[in-house]
Every structure is written in structure tokens, then in C-alpha cells.
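To start, the structure under review is shown below, and the notes come after it.
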Amino acid sequence: MSAPRFQLWSSVGKKLLTGVTGLALMGFIVTHLLGNLNLFVGSEAFNGYTEALHQMGALLIVAEVGLAALFLLHAISAIQVWRDKKKARSIQNSVVATKGPPSKQTAFSRTMIITGSILLAFVILHVAQFRFGLFGGLEYKTMIDGKEVRDLYRLVVETFANPAWVAGYMAVTLLLGAHLRHGFWSAFQSVGLLDPQLRPLAYSAGGVFAVIVALGFFVMPMYLFLFATVNP
Amino acid sequence: MTDAENTRSYKLRIWRQPDATSSGRLVDYEISEVGADASFLEMLDQLNENLVKKGEQPVAFESDCREGICGACGVCIDGRPHGPVTHLTTCALRMREFKDGETIVVEPFRANAFPVVKDLIVDRGAFDRVIERGGYISVNAGSAPEANMLAIGKDTAESAMDSAACIGCGACVASCPNASASLFVGAKIRQMALLPQGQVERTGRALAMVQQMDAEGFGDCSNHGECEAACPKAISIENIATLRREYLRAAFRS
Ligand code: HEM
Ligand code: FES
């Protein structure tokens, strides 16, 4: 038999992949949350922030394509893990139960494929809506420092004047929190970083992280709905 | 023998399957006068005596040492490998853990890589084939060295010993929602990666054992951590973290 080689699509390779992409996506989601805090400041702050991003030019395109690739790699490897699980046990026992601690099996860990799939559908909709103006608003312009720039703030505020969008986004936010409740510590474990001392730390930190990220995105649509107005 | 007031009765629902190719089903049994101190396997023995007396086929299950060290026993009890108590083998589980009159569901360790042979007996040959791909030292390590010639730190020695405590029962696979063998394979790989004797074949071992684990049809790990709770030897999922580090390390060394 020829010497086996490292395979990215082996069981362990896939975990390294979901872990690395999961860590990178968490980095992205924190950046995204921090950037969006400008929404709380107002039109100029937010449009100034998005304009600064657009000023990056080609670099922004590279970052966007990179992000899309991250999402895709994460989703494909995670879906593959789920498909292999289906293949590995075709007959289920009639009773299945957890043994409890130290097991980390929870409703969160069992529903990663569901929360993840909804997140994937959401991300596609979200990018189409605000980046590519699927429901209009791409033509909104405003002036910053005497320069005409895209008025993304207006599109965002107009979108979240609609209670249906507010409710939808808030619901997805909770699913993101659920995904991160298991995902945070799991990603560190997947890339082999956790030992018995670090594990409880990472698990607790994951709870805090999930709540902070979910809460941050949760209050945004509600705040905009209640308090934000578009400048005339 | 236990005194009369300390005996219990149970309703049992047990997976019966005549052979590997037939389909199986759960069959209901009743059993009484089970001693609280009886082990789970002794309770099954008692059931089998009753069945034989009635001219029925006894329930097939595996056991050998009956003291928690060989790894032969193992069934899913109410959905949990080795029963409700963490870090225990089925043979070490006592009937006092179950309430009088309770219904107990007994099913085999379930995974496609562990095909049912008969009733509660599964073929765990997949583990042997994984071990054959590197769960040993095949370079000549010489004759037994002078004591203390090979300096190994106490922490390292203990940690390797913790990994080596695996008895190969397969509860990790049975408990895993994904039917992954990551804990079993991780423990073997860590045990030898920590010790000097394991260094020569370290890279090839990680690659070959993972390749075989995948070929056997075990699932991938989702870090549920259920295996650690089900493991009679409390082997930590730290071993799975090591498995990933060792596999990644091999990517740069092969
Ligand atoms: C904002 C977006 C997302 C973030 C921050 C995120 C984060 C994470 C993290 C950190 C993990 C743990 C990785 C590991 O255990 O190796 C994970 C796992 C997972 N993710 Fe995501 N994820 C996101 C989007 C998605 C999407 C779009 C899918 C699409 C299907 C998905 C499906 C999954 C699944 C199924 C797992 C579990 C993998 C397993 O069972 O091993 N996630 N995610
Ligand atoms: S019979 Fe040996 S461990 Fe249970």
C-alpha cells in the first residue's frame, strides 16, 4: 500500500477546515458588528464608514471575494461533515440520550446544520439586499465632504422601517447566537488548541461571545425602527 | 444471593436479531427477583436462564473480564452506551441504578462500521484494522533498557498512560451522534506521539490511522464531546485535539 498523504477532505482535514474558516468568520462577524456600530451614530458616520471601505477599491473586491470563499468553504466542509454522519449510522437506536457532563452535546451542537443553513440563505439575501440593491436603493446618494457618495444609511433605515424586516433580522440574529454558542469553543477544539485546562475557559467564553454578538446585531434593527430617520 | 426485599422487577425491551443479514426488532421481556447488587450482565444472564428454561433462544451479548478492563462488554441502555452512569462499563453497572418496575431498553452499539453479528453483539473489527495501520511500534526499540535510561517527565508519562487506558470497547463510537471514532484513534495517536519510542513512525502513523478510520466508514467529529462522557476510562477529548495537531503536523512532514 502506498504511503497515505494528508487529505483536506479526510475526516480530520474537514475539521481543520471548518475550524479555520469558523475562526475567520468569527473575526469577520466581530469586524462587521464594530463597523455597524456607526449606525447608532447616524447618517454621516455610517456613510463615511462605508465610503472609506469603498475607497479601498480593488482591495475591497479581494476582501469580498475572500469572504465569499470563506463562507463557501465553511458551508461545504460543514455540510460534508453532516452528510458523512448520515452515512455512518443508517439504523438509529430507538432510544438515544446524552450522558450529561462532561458531554458538550446540546440543542446548539445538534442544530449546527440547521442554524448554519439558515445563516447561509440569510447571508445571500443580505448581500443581495444591501450590496447589490435587490429591492432597490442602489441609486440613493448623499454628500460627504463635498463628494457624492452612496447613501447606504438611507437604504438601511428605510428597510428597517418595515416591521417585517426588523423581525426577520432579529430572528436570524438569535440563530447566529445559537450557532456561535457551540461554534466558538468547537472551532478552537477543531484546530487542536484546547487542553483540559483551556476547554472550560473556551466553553464559557463561547457563551459570552455568542450573547454579545447576538445582542449587538439584535438591537440594531430595533433601534433603527424606533429612532432612526432619514435626513431630508 | 440478595435478600428478598432488595430484589426488583423490570420490563426489558431488547434488540433481537438472529444474524448479520436478518433485520432485527425490539422484543419485550419481563424479569423479576433481580438483586440490587447484580451487575447488568448478571441480570441478562438471569434472563437468559429463564429463556433457556422456556426453550427460547438466549440473548446474545459479549463479555469477558466482567471487571471493567477488557472492553468486550458494551450495550446501549436507554440510549446510552454502558448505561446511565458516566465512566463505567456495562459489566460494572449495578441494577441498583434502575428503579423497581422500570422499563429498560437494551440495544447494540450502533454504527455502520460496527455491524451487528447477533442480538447485542457487534463486530468491532474496524478498530483492529485501524490499529493494524499504526497502533504499535514496529521499529526495533532494542531490548529492555536500563531503568531511567529514557528520561520521560512525570506529566508526559501520566498523560500517555491516560490515553493508553483505552480498552477499545467502542462506546465513543456508539455515543457519538456522528458515529465518529475520533476519540479511539486520537487516544492511540497521542499515546505514542508523547513517548520517545513513537517518534520514528509518528508522521506515517497519523496519516495511516486516519485513512483507515475513514475507510471503515466512521463519521466525522462535530465536537459534541459525548464520547468523553461515555468512555469508561474517562479519556479526554484532549486526545481529539491532539489528533488534529498530529494530522496537521503530518501535512508538513510527509
Ligand atoms: C456568520 C457566519 C458563520 C459563522 C461566524 C460561523 C461560525 C462557525 C464556527 C466557529 C463553527 C465551529 C467550527 C468547528 O467546530 O470546526 C461552525 C460550525 C459549523 N457551521 Fe458555521 N458559521 C457561520 C456560517 C455558517 C454557514 C453559512 C453554514 C452553512 C451550512 C454553517 C454551518 C456550520 C455547521 C454545520 C457547523 C458544524 C460543523 C461540524 O459539525 O463539525 N455555518 N460555524
Ligand atoms: S466484560 Fe470486560 S470490560 Fe466489561
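Heavy atoms only, probe 1.4 angstrom, no DNA, RNA or ligands counted: give me A:140, A:49 ranked by accessible area, highest first.
A:49, A:140
Residue A:94's amide H: which non-local residues (gap 5+, or another chain) put their own amide H closer than 5 Å, with H modeled 1.01 Å from N in plane and none for Pro or chain starts?
The answer is none.
By Kyte-Doolittle mean hydropathy of at least 0.5 and Cα axial length of at least 30 Å, which whole DSSP H helices of chain A are selected?
Result, helices passing both filters: A:11-36, A:58-88, A:163-190, A:198-227.
Shielding of A:100-111 by partners, i.e. mean partner chain Cβ atoms within 10 Å per residue?
Partner-chain Cβ atoms within 10 Å, mean over residues of A:100-111: 5.
State the antiparallel share, in %, of DSSP beta bridges confined to segment B:7-117, rounding to the nearest 5.
80
Compare B:23, B:39 by solvent-accessible area with a 1.4 Å probe and give them largest first, with all protein chains kept in place.
B:23, B:39
Tell me, what is the 1.4 Å probe accessible area of residue B:216, in Å² to the nearest 10?
My reading of the accessible area for residue B:216 is about 30 Å².
Per residue of B:170-176, count partner chain C-beta atoms within 10 Å of its C-beta, then hand back the mean as an integer.
So the per-residue partner count for this stretch is 2.
Please report Rg (one decimal) and Dmax (integer) in Å for the Cα set of the protein assembly as shown.
Here Rg and the maximum Cα pair distance are 27.7, 98 Å.
With each label point set 7 Å from Cα along the Cα-Cβ vector, what nm distance links residue A:219 and residue B:85?
Reported label-point gap for residue A:219 and residue B:85 is 5.0 nm.
As a test of the formula, what do you get for chain B when each DSSP H run with n ≥ 4 contributes -39,500 (n - 2.57) and the sum is divided by the residue count, at 222 nm and rounded to the nearest 500 deg cm²/dmol?
It lands at -10000 deg cm²/dmol.
If the only charges are +1 at each Lys and Arg Cβ and -1 at each Asp and Glu Cβ, what is the size of the charge dipole of the protein assembly as shown around the Cα centre, to the nearest 20 debye?
1000
Before anything else, pin down the relative contact order of segment B:7-117: Cα pairs under 8 Å, at least 6 apart, normalised by residue count, whole percent.
Contact order relative to length: 32 percent.
Compare B:152, B:237 by solvent-accessible area with a 1.4 Å probe and give them largest first, with all protein chains kept in place.
The most accessible residue leads, giving B:152, B:237.
Give me the net charge for the shell around residue B:78: Cβ to Cβ below 11 angstrom, other residues only, Lys and Arg +1, Asp and Glu -1.
Net charge in that neighbourhood comes out at 0.
The values are calculated or read from the model by the stated rules, or taken from the named source; none is laboratory data. Only a predicted model underlies this, so the values are computations on that prediction, with no experimental measurement involved. With ideal geometry, Cβ positions are generated from the backbone for all residues, glycine too; neighbour counts draw on all protein chains shown. Note: accessible area is taken over every heavy atom of the protein model, side chains too, but ligands, DNA and RNA are not part of it. Shrake-Rupley method; radii C 1.70, N 1.55, O 1.52, S 1.80 Å.
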